[in-house]
Amino acid sequence: MSGQLRRRFFVDAFAGGTACLAGDAAHHLGRVLRAEPGQLYELSDGNCVFLARVERVSGASVDFSLLEKLPAPAVSIEIVLLLAIVKFDRFEWALEKATELGVNAIVPLAAERSEKALVSATRKRAGRWRKILLESAQQARCLRLPSLRDVMRPAVAFGECAASVKALLSERRSAVPVRAIFSEAASKMTEGKPPQRIILAIGPEGGWTEEEFEAASAAGFREASLGQNILRTETAVIAGLAAAHLYFDPLAEDAKRSPS
């Protein structure tokens with residue numbers, strides 16, 4: 001019954017074998033996808049996933065009965081993305097792709113070289129950004145939504161972040177290849193330990209300032225390079241997160257060992 005891939009939606013909680021989907025997601029499911037009683041979907045509360053059957057569709061909500069608890073993948077890595085604010089179309093594209101690539105938390109950074117007008121407008125965009133995260137997480141069939149933190153200054157964010165791996169993407173010649181940093185950290189992982197926490201900091205167009213480099217270094221970040229080419233912020237998001245999964249995700253490791 002549960003072998004088929006189905007659309008996934010997020011609910012606040014499961015209660016007594018039932019669940020209720022409300023808000024924009026319910027409108028989309030009921031009015032756009034034209035859900036009907038008897039149809040099956042997957043529901044997640046952020047901790048577990050159930051196969052659920054639609055029981056009732058109204059204008060404001062969709063009621064479900066829970067049929068079967070589905071297996072959820074074991075969490076092996078936790079990724080926090082410190083992302084400098086750039087032009088909103090690119091920033092929002094980066095949010096979407098970061099969610100698809102399994103980031104756990106996103107901290108927008110008001111970097112020194114972020115445009116001041118964009119930084120000032122971030123409060124008005126928070127609701128839109130959370131909607132992007134929700135829709136992307138549903139599409140990618142994530143277990144939970146990434147959290148979106150308040151905008152922070154880089155030095156503050158660097159100092160507040162605790163992790164076993166801290167990488168600051170850099171274009172400077174002194175930067176170490178990201179593969180070397182991740183490979184070294186991955187080799188120290190042992191089975192049975194808590195999930196590896198990785199923090200990846202990506203700067204704005206124009207790069208980090210010297211003061212931001214110094215703040216990152218003082219907080220334990222290593223300068224990491226993605227190669228000789230200069231990447232846009234949103235491209236660096238994809239490349240950096242893909243590298244993190246390659247070195248720290250057991251499923252990726254299994255795929256590397258499997259015969260082609």
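Worth a mention:
- In summary, helices (runs of 4 or more DSSP H) completely within the stretch 172-260 and bearing 1 or more residues that are at pLDDT 80 or above and within 22 Å of the chain's Cα centre (by Cα) occur at 178-187, 210-218, 233-248.
- Members of the stretch 21-60 that are crowded, with 18+ Cβ neighbours inside 10 Å and more than 26 Å from the chain's Cα centre (by Cα): Gly30, Ala35, Val54, Val57
- Odd one out for Lys188 among (1) farther than 17 Å from Ile77 by Cβ; (2) surrounded by fewer than 13 Cβ atoms within 10 Å (Cβ to Cβ): (1)
- When the stretch 119-140 is filtered for residues that are of a type in the set (A, V, I, L, M, F, W, C) and more than 23 Å from Ala239 (Cβ to Cβ), the ones remaining, listed by number, are Val119, Ala121, Ala126, Leu134.
- Identification of helices (runs of 4 or more DSSP H) wholly contained in the stretch 3-120 with 3 or more residues that are closer than 30 Å to Ala162 by Cβ and among the hydrophobic types (A, V, I, L, M, F, W, C) yields 88-100.
Condition check ((1) within 12 Å of the chain's Cα centre (by Cα); (2) without any contact (Cβ under 8 Å) to a residue 60 or more places away in the chain; (3) under 30 Å from Leu5 (Cβ atoms)) across all residues:
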position	(1), (2), (3)
Leu118	no, yes, no
Thr122	no, yes, no
Gly127	no, yes, yes
Lys131	no, no, yes
Arg144	yes, no, yes
Phe158	no, no, no
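- Check on Ala218, in contact with a strand residue (DSSP E or B) (Cβ under 8 Å, 6 or more places away or on another chain) and either of a type in the set (A, V, I, L, M) or over 27 Å from Asp89 (Cα atoms) (or both): no
The values are calculated or read from the model by the stated rules, or taken from the named source; none is laboratory data. None of these values were measured; they are calculated from a predicted model. FYI the Cβ positions are ideal-geometry reconstructions off the backbone, even for glycines, and counts take in every protein chain you see.
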